[in-house]
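Enquirer: Handing you this structure, nothing more for now.
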Amino acid sequence: MPADLYSTLGVGRDASPDEIKKAYRRLARELHPDVNPDPQTQDRFKEITAAYEVLSDPAKRERYDLGGDPFGAGGFGAAGAGFGFGDIMDAFFGGQGQRGPRSRRRRGQDALIRIEVELSEATFGSNREIQVDTAVVCPTCTGEGTAPGTTPTECDICHGRGEVQHVQRSFLGQVMTSRACPQCGGFGTVIRFPCAECSGEGRVRTRRTLAVRIPPGVDTGTRIQLTGEGEIGPGGGPAGDLYVEIVEKAHALFSRRGDDLHCTVPVPMTAAALGTVLELETLDGIEQIDIRPGTQAGQVVPLRGKGVAHLRASGRGDLLIHVDVVTPTKLDAEQEELLRKLAVIRGEDTPVGQFTPGQQGLFSRLRDAFNGR
């Protein structure tokens, strides 16, 4: 055996299994006797093969790192002894996976369904019943896939192994590979008489009604997981999960931003100037909105804790009321006269677009600045 197995493969002592495998592949391609028949090269090939046998086995590698004999009492013997061609192929092609027949029972897929909810449901939560179309265990064969009174029979090609072997020639010599049996598909058994209801799948599709609890605070895109309510797997395998995705409907009055609600309330010009109290129907019922005298357009009146509940947390967002001051577009003679008197009283009777001396417009000031005045 080489004195330092890590140096033999050209890797560090902290090399990962993948790094060890890649190093061995590279060296084996260069040093294999079929490629380079030189006797010295053959000895080198035996050394890297011996090093890979130890370092690719976690138990042997641990014993070697601790200074012990990686092969126990039996020793290593001749170079390459105990290191079969299947180990070399595992290094080159990543192994053949778990040998033997595979089970017909496999986990089912997850399923996804979308439901629409009202803003009030998203705020306070609700209980809903939904209908889903998923695969369930076949009631006739109870997942076995066989007709009543029959059982699967052993495959006469692979004889129950679930795989067949093929021999090919390569630069390494004869290469033996294993593949899933084409007749049984790797199961090792063949269903000669499949169930008439499920055609041997062990599952059938049906429509079911499920109860779903919608927690407060959900939003569009929120997914609720129902464990084990998805598709039953082939062969009556365990079911996947069902995910219920929330789609929140648009509200006629409120718009949602995070957990806050926003709405715009039109307020007459006189009411904004004098102040008033408005009634607004919120998700919690009728609320009194205090519009203070002198309220400006765009001003926001908050109602704390009247928004959407925080998902998986206590408390709620706010309801933010945006004030839209409405200016009248048509006035009768009396209304116009009253407004003119108010304008005179407030000193606001200067026509729009005209300025008294000393009140230059923006563009006039810019013009004078460029002219040096």
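Enquirer: Could you tell me the center-to-center distance, by alpha carbons, between the range 287-321 and the range 183-212 in angstrom?
Expert: If you average the Cα positions of each part, the centres end up 56 Å apart.
Enquirer: Give me the one-decimal nm value for the distance between modelled label points at residue 273 and residue 65, 7 Å along each residue's Cα-to-Cβ direction.
Expert: 8.6 nm
Enquirer: For the residues 158, 181, what sequence is obtained by ranking on other C-beta atoms within 10 Å, fewest first?
Expert: 181, 158
Enquirer: Name the long-range amide H neighbours of residue 289: under 5 Å, sequence gap of 5 or more, or other chain; modelled H, no Pro or chain starts.
Expert: When sequence neighbours closer than 5 places are left aside, the close amide H contacts are 278, 279, 280.
Enquirer: Per residue, how big is the convex hull around the C-alpha atoms of the range 255-326? Give it to me in cubic angstrom, could you?
Expert: 75 Å³
Enquirer: Taking amide H atoms as placed 1.01 Å from N in the peptide plane, list the residues 5 or more away in sequence, or in a different chain, whose amide H sits under 5 Å from that of residue 111.
Expert: For residue 111, the qualifying residues are 231, 241, 242, 243.
Enquirer: May I pose another question? So how far apart, in nm, are the two label points at residue 311 and residue 250 if each is 7 Å from Cα heading toward Cβ?
Expert: 2.2 nm
Enquirer: Calculate, for residue 209 and residue 126, the FRET efficiency according to 1/(1 + (r/R0)^6) with r their C-beta to C-beta distance and R0 22 Å; round to the nearest 0.05.
Expert: Between residue 209 and residue 126 the formula returns 0.85.
Enquirer: Also: Setting aside same-chain residues fewer than 8 positions from residue 21, which lysines have a Cα under 16 Å from its Cα?
Expert: Correct list for residue 21: 46, 60.
Enquirer: Take the Cβ-Cβ distance between residue 346 and residue 286 as r, set R0 to 41 Å, and report the resulting FRET efficiency rounded to the nearest 0.05.
Expert: My answer for the efficiency is 0.70.
Enquirer: For a quick check: with amide H placed at 1.01 Å from N, whose amide H comes under 5 Å from residue 186's, ignoring anything fewer than 5 positions away on the same chain?
Expert: Hits under the 5 Å cutoff: 181.
Enquirer: Follow-up. Please give the contour-minus-distance gain from residue 7 to residue 265: 0.36 nm per residue of separation, less the Cα-Cα distance, rounded to one decimal in nm.
Expert: 85.0 nm
Enquirer: Now a separate question. Taking 7 Å along the Cα-to-C-beta vector as the label spot, tell me the residue 103-residue 118 distance in nanometres, rounded to one decimal.
Expert: So the label points at residue 103 and residue 118 sit 4.7 nm apart.
Enquirer: A further question on this structure: With +1 on the Cβ of every Lys and Arg and -1 on the Cβ of every Asp and Glu, and nothing else charged, how large is the dipole of the range 219-323 about its Cα centre, in debye rounded to the nearest 20?
Expert: About 340 debye.
Bear in mind these aren't lab numbers, they're just calculated from the coordinates by the rules spelled out. Bear in mind that the values here come from a model prediction, so they are computed numbers and not experimental data. Quick reminder, even Gly has a Cβ in these numbers, built from the backbone with ideal geometry, and neighbours come from all protein chains shown.
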